[in-house]
Amino acid sequence: MTNIAKNLKALRKAKKMSQKKVSLMTGIPRSSLSGYENKVAEPPICVIIKLADFYNTPIDFLIR
């Protein structure tokens with residue numbers, strides 16, 4: 001899942017949203033989102049599904 005950080009950040013920026021706003025809208029802690037975007041942590045599959053739904057993108061786009 002090496003591209004997931006880059007893809008999550010790109011999707012968020014394309015929607016012109018802050019991590020705080022994504023956090024409020026998804027219920028995922030901002031600190032977790034930051035970790036996922038900065039390759040500090042990998043999101044569990046349940047979070048990947050939630051973010052794919054939120055960004056209206058296929059799961060395989062996030063992880064490939």
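Cβ-to-Cβ counts within 10 Å put Thr26, Thr57 in ascending order as Thr57, Thr26, the fewest first. Each residue, Thr57 and Val40, gets one label point 7 Å from its Cα in the Cβ direction; the gap between the two is 2.1 nm. For the chain, taking Cα atoms only, Rg and Dmax work out to 10.2, 26 Å respectively. Once the chain from Lys13 to Met25 is taken as fully extended at 0.36 nm per residue, the excess over their C-alpha distance is 2.8 nm. Magnitude of the charge dipole for region 4-63, about its Cα centre and with charges confined to Cβ atoms of Lys, Arg (+1) and Asp, Glu (-1), is about 400 debye.
A short reminder: the numbers here are calculations on the coordinates, not readings from a lab. Here the structure is a predicted model, which means the values were calculated and not measured. Cβ sites come from the backbone with ideal geometry, for glycine too, and all protein chains shown count toward neighbours.
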